1. If I filter the range 211-235 down to residues being in a helix (DSSP H, G or I) and within 13 Å of ligand 2 (Cβ to nearest atom), which single residue comes out as surrounded by the most Cβ atoms within 10 Å (Cβ to Cβ)?
2. When you scan the range 273-368 for helices (runs of 4 or more DSSP H) that lie fully inside it, which ones turn up with 1 or more residues that are away from ligand 2 (no atom under 16 Å from the Cβ), touching a residue at least 60 places away in the same chain (Cβ under 8 Å) and more than 30 Å from residue 66 (Cα to Cα)?
3. Consider residue 99 against the criteria (1) within 16 Å of ligand 2 (Cβ to nearest atom); (2) crowded, with 24+ Cβ neighbours inside 10 Å: it satisfies all of them except one. Which criterion is unmet?
4. For the range 10-25, give me each residue that is away from ligand 1 (no atom under 16 Å from the Cβ) and out of contact with any helix residue (DSSP H, G or I) (no Cβ under 8 Å at 6 or more places or on another chain).
5. Tally the residues that are more than 13 Å from ligand 2 (Cβ to nearest atom) and either more than 13 Å from residue 349 (Cβ to Cβ) or touching a residue at least 60 places away in the same chain (Cβ under 8 Å) (or both), restricting the search to the range 117-138.
6. In the range 236-247, which residue that is outside any strand (DSSP E or B) and either modelled with pLDDT under 95 or within 20 Å of the chain's Cα centre (by Cα) (or both) is farthest from residue 171 (Cα to Cα)?
7. If you scan the range 335-367, which residues turn out to be crowded, with 22+ Cβ neighbours inside 10 Å, touching a helix residue (DSSP H, G or I) at 6+ places or on another chain (Cβ under 9 Å) and within 25 Å of residue 36 (Cβ to Cβ)?
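The values are calculated or read from the model by the stated rules, or taken from the named source; none is laboratory data. Nothing here was measured: the structure is a model prediction, and the numbers come from that model. Cβ atoms come from the backbone with ideal geometry, glycine included; neighbour counts cover every protein chain shown.
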Ligand code: PMP
Ligand code: GLN
């Protein structure tokens, strides 16, 4: 069999979680909370199941959930999306991204990704027969470099994928940067795939600059988010995509033959739960406390801290500790120190190594304390 993805192995997140389990290490690698979600949300799923809401929902998602998403997008980003024709519920952001790419990328089309980037983007582009064009973010700060992006645009460019707040660096685009993107794309037909799964994790009072806020971006954007991140339920795998009607129509053509529909009782529960905006409005404070606690502890180690403006990830420079490559450092850290992390090289096509690794701080205070104790002992 000739592989469709010859250069792809098992994702680093799966590899590091398996190693963490095997070595009984504190798992700050793969991004997921180790605490429970709001019990109200679990009750709402149970209630939906007991009410018999257990068969296929509408292909595009339960109407109440699409309405709730439209209400949120309007309240936070001042843009009206039609729940009927512009919002689709997906099996997590992962499916939203793959389905978008399959829906819009023709064989030979170029798609710009900004490196380091989330590991599913490039294989998704390749599965569609597209060509991933890797444009580096500014080394050190991970901020967008608009000159490099402009230079990468060609008549074959179909789309650009932007992720803010950014996994793994936490860099969060400013309004000025979004406007620069808007100006860059204005003379083109390039589509924007806007991965905003960390939209509710932006710190220090900064607002999230959704593509939905900017008319010139929203008209070409698939705005993608994930309930798993927002409500501490990564295993439920439910997300959504909001896009103008013509783009949504193309998305849905593929969606119906990709997953067809998404888990019914969970959709009803999320719709009920979203009636109260407080859980997502409180999320920045909730995670900022964890970030601050974790950073204060890391300040007493030999790691050098990089900034963290958003997401639940903290990157650190390991060069003050030893000369190991990132992959070897993460293996050593998991095996010998008992804390798992993710090498940044996993987010680069060429395995670029800058001696920086990523920790996830979406963990209980006790978990963070235990990890810090081990990291401070290095
Ligand atoms: N995009 C980014 C940047 C992510 O970090 C993640 C979660 N790891 C996803 C997409 C996928 O989200 P989901 O779990 O909802 O599929
Ligand atoms: N997005 C999460 C991370 O970056 C994990 C998701 C996954 O395991 N694919 O760690």
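1. First, pick out the residues of the range 211-235 that are in a helix (DSSP H, G or I): 211-213, 215-218, 227-230, 234-235.
Of the ones still in play, those that are also within 13 Å of ligand 2 (Cβ to nearest atom) are 228-229, 234-235.
Details: 228: 22, 229: 26, 234: 17, 235: 9.
Among those residues, the one meeting the criterion is 229.
2. Working: elements: 278-281, 283-298, 326-332.
Of the helices (runs of 4 or more DSSP H) lying wholly inside the range 273-368, those with at least 1 residues that are away from ligand 2 (no atom under 16 Å from the Cβ), touching a residue at least 60 places away in the same chain (Cβ under 8 Å) and more than 30 Å from residue 66 (Cα to Cα) span 283-298, 326-332.
3. (1)
4. If the condition is that a residue be away from ligand 1 (no atom under 16 Å from the Cβ) and out of contact with any helix residue (DSSP H, G or I) (no Cβ under 8 Å at 6 or more places or on another chain), then 18, 21, 22, 24 are the ones that fit.
5. Filtering the range 117-138 for residues more than 13 Å from ligand 2 (Cβ to nearest atom) gives 122, 125-138.
Going one step further and asking which of them are either more than 13 Å from residue 349 (Cβ to Cβ) or touching a residue at least 60 places away in the same chain (Cβ under 8 Å) (or both), we end up with 122, 126-130, 132, 134, 137-138.
The qualifying residues number 10.
6. In the first step, residues of the range 236-247 are kept if they are outside any strand (DSSP E or B); the result is 236-238, 243-247.
Pick out the ones that are also either modelled with pLDDT under 95 or within 20 Å of the chain's Cα centre (by Cα) (or both) and you get 236-238, 243.
Values: 236: 26, 237: 24, 238: 24, 243: 24 Å.
Ranking the candidates gives 236 first.
7. 339, 340, 341, 342, 358, 359, 361, 362, 363 - these are the residues of the range 335-367 that are crowded, with 22+ Cβ neighbours inside 10 Å, touching a helix residue (DSSP H, G or I) at 6+ places or on another chain (Cβ under 9 Å) and within 25 Å of residue 36 (Cβ to Cβ).
Per-residue answers, yes or no, for (1) touching a helix residue (DSSP H, G or I) at 6+ places or on another chain (Cβ under 6 Å); (2) under 30 Å from residue 4 (Cα atoms); (3) surrounded by fewer than 18 Cβ atoms within 10 Å (Cβ to Cβ):
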site: 62; (1), (2), (3): yes, no, no
site: 70; (1), (2), (3): no, no, no
site: 84; (1), (2), (3): no, no, yes
site: 87; (1), (2), (3): yes, no, no
site: 94; (1), (2), (3): no, yes, no
